[in-house]
Amino acid sequence: MQTMEEKPVLKHNPLPRRKRAAWDAIIATEGVKMGLDGCRAFLENKIVNDIFYEGLYKGRPCVVKCSSRAPVSIKNEYDMSRRLAAVDPRACAEALDLWTAPDGRRAFVVLRRLPGPSLTDILSRDVGEDEAVAIIEDMIRIAEALKKSGIVWRDIISDNFIRDDEGHFRLIDAQFAVDRADFREIPFLRSHWSYRTIVFANHPMMAGRGWNDAAMMLFFVWKLSASPRAVELCEKLRGMAKESAFPVELAAGDERRLKWTLLRLRAARALALSKSRKARLDSRIAHVRMILKNDHSLWDEVLFAPPRERKK
């Protein structure tokens, strides 16, 4: 019988008590039927997902992502992760199981828990030549798997690359991944224009143009090392990036909304007190400005800079 072991939960915006109790009950009943055991909450109420649990799935360490805001995205994570893993089993965290409420209003996905660290953690310290080469090799392998599977992952941030128990990076978070040949936006994004436009329609690498998974991977690693092997691998990833653009048109009214968002972000920046808050707002302001100005300078810097400029 499963027991809900409590520990401090990181809360973005705490769930109402009744909603939290409902998820605990679902995990303790439906989850147990599927093979979940010893689950405990560790993250609560992010933008899209209600709550995250960690525990065991049929004896294997796992993470459980639950959402009532975007249940379709939970199924999308399951489907896209399995599709990518069919091409390369090491490309992403393994999707182990899926539960959807009979009325379709709630869903959770069970994913293999990776031990880490994340690419963010690795990039925060000095990286040696051998490790730099291994990281870039992992990026190429994942980019090739995405190309073969026809998937545009889109949520390519350094936090979403986690090392497995063999030391290789894998992708996590496929909730808003799309089929390159049959692009269909998740309903949550269609109804949340700022999240869709600022986060998932246009990233800084291709401001105003759309998305490019390989280019974003290159953005993280191109300055890690100037060794001949690292430069050679970056050139290969650069070639893949030039071919993997996925254009997404701004929807009607998005430009006007972006201008209004820019005004609000600047006002928030003027009132911000902490340096970290100001830094986060500066990053968002720069992103919105790049989209409005159709500024591709970051793209040009990363894709076309000669090797000698990539030294630390």
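The values are calculated or read from the model by the stated rules, or taken from the named source; none is laboratory data. Quick caveat, the model's predicted, so the values are computed rather than measured. Cβ sites come from the backbone with ideal geometry, for glycine too, and all protein chains shown count toward neighbours.
When the test is whether a residue is surrounded by 15 or more Cβ atoms within 10 Å (Cβ to Cβ), over 20 Å from Ala230 (Cα atoms) and out of contact with any Lys or Arg (no Cβ under 9 Å at 6 or more places or on another chain), Ala85 passes it.
Just the residues that are in contact with a strand residue (DSSP E or B) (Cβ under 7 Å, 6 or more places away or on another chain) and surrounded by 14 or more Cβ atoms within 10 Å (Cβ to Cβ), please, taken from the stretch 234-265. Matches in the stretch 234-265: Ala245, Phe246, Val248. Only one entry in Glu249, Glu232 is more than 24 Å from Ser118 (Cβ to Cβ), out of contact with any Phe, Trp or Tyr (no Cβ under 8 Å at 6 or more places or on another chain) and modelled with pLDDT under 85, namely Glu249. Residue under question is Arg112, and the condition is that it be at pLDDT 95 or above and crowded, with 16+ Cβ neighbours inside 10 Å; does it hold? Yes, satisfied.
Could you grab me the full set of residues in the stretch 142-156 that are of a type outside the set (Asp, Glu) and surrounded by fewer than 19 Cβ atoms within 10 Å (Cβ to Cβ)? Across the stretch 142-156, the qualifying residues are Lys147, Lys148, Gly150.
For the stretch 48-65, indicate whether the set of residues that are closer than 23 Å to Glu185 by Cβ and among the acidic types (Asp, Glu) is non-empty. Yes, the stretch 48-65 contains a residue that is closer than 23 Å to Glu185 by Cβ and among the acidic types (Asp, Glu).
Determine, yes or no, whether Leu119 is within 16 Å of the chain's Cα centre (by Cα) and of a type outside the set (Asp, Glu). So Leu119 fits the description; yes. Can we say Arg154 is among the basic types (Lys, Arg), assigned to a loop (DSSP other than H, G, I, E, B) and under 12 Å from the mean Cα position of the chain (by Cα)? For Arg154, the condition - among the basic types (Lys, Arg), assigned to a loop (DSSP other than H, G, I, E, B) and under 12 Å from the mean Cα position of the chain (by Cα) - is met. Here Asp159 meets each of (1) under 27 Å from Ala230 (Cβ atoms); (2) surrounded by fewer than 20 Cβ atoms within 10 Å (Cβ to Cβ); (3) in the same structural domain as Met34 (by TED's automatic domain parsing) with one exception, condition (3). Scanning the stretch 157-200 for residues that are touching a residue at least 60 places away in the same chain (Cβ under 8 Å), within 21 Å of Lys65 (Cα to Cα) and part of a loop (DSSP other than H, G, I, E, B) yields Asp164, Ile172, Asp173, Ala174, Gln175, Phe176, Ala177, Ile186. Take the conditions (1) at pLDDT below 85; (2) among the hydrophobic types (A, V, I, L, M, F, W, C); (3) over 27 Å from Phe176 (Cβ atoms); Leu271 misses just one of them, which is (1). No other residue among Ala132, Ala143 is in contact (Cβ under 8 Å) with a residue 40 or more places away in the chain and over 30 Å from Arg184 (Cα atoms) apart from Ala132. Among the conditions (1) outside any helix (DSSP H, G or I); (2) without any contact (Cβ under 8 Å) to a residue 60 or more places away in the chain, the only one that Leu111 does not satisfy is (2). Of all residue pairs spaced 6 or more apart or on separate chains, those with beta-carbon atoms under 8 Å, a first member in the stretch 229-255 that is closer than 17 Å to Glu129 by Cβ and a second member that is hydroxyl-bearing (Ser, Thr, Tyr) are Val231/Ser225. Considering every residue within the stretch 71-87, establish whether at least one is assigned by TED's automatic domain parsing to the domain that holds Pro14, closer than 24 Å to Ala22 by Cα and touching a Cys at 6+ places or on another chain (Cβ under 6 Å). Looking for residues that are assigned by TED's automatic domain parsing to the domain that holds Pro14, closer than 24 Å to Ala22 by Cα and touching a Cys at 6+ places or on another chain (Cβ under 6 Å), one finds none in the stretch 71-87, hence no.
Residue-by-condition table, conditions (1) modelled with pLDDT under 95; (2) under 24 Å from Glu30 (Cβ atoms):
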position: Glu77; (1), (2): no, yes
position: Arg82; (1), (2): no, yes
position: Ala95; (1), (2): no, yes
position: Thr100; (1), (2): no, yes
position: Gly104; (1), (2): no, yes
position: Ser124; (1), (2): yes, no
position: Ile135; (1), (2): no, no
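Count of the stretch 287-303 residues, restricted to those that are surrounded by fewer than 14 Cβ atoms within 10 Å (Cβ to Cβ) and part of a helix (DSSP H, G or I), is 4.
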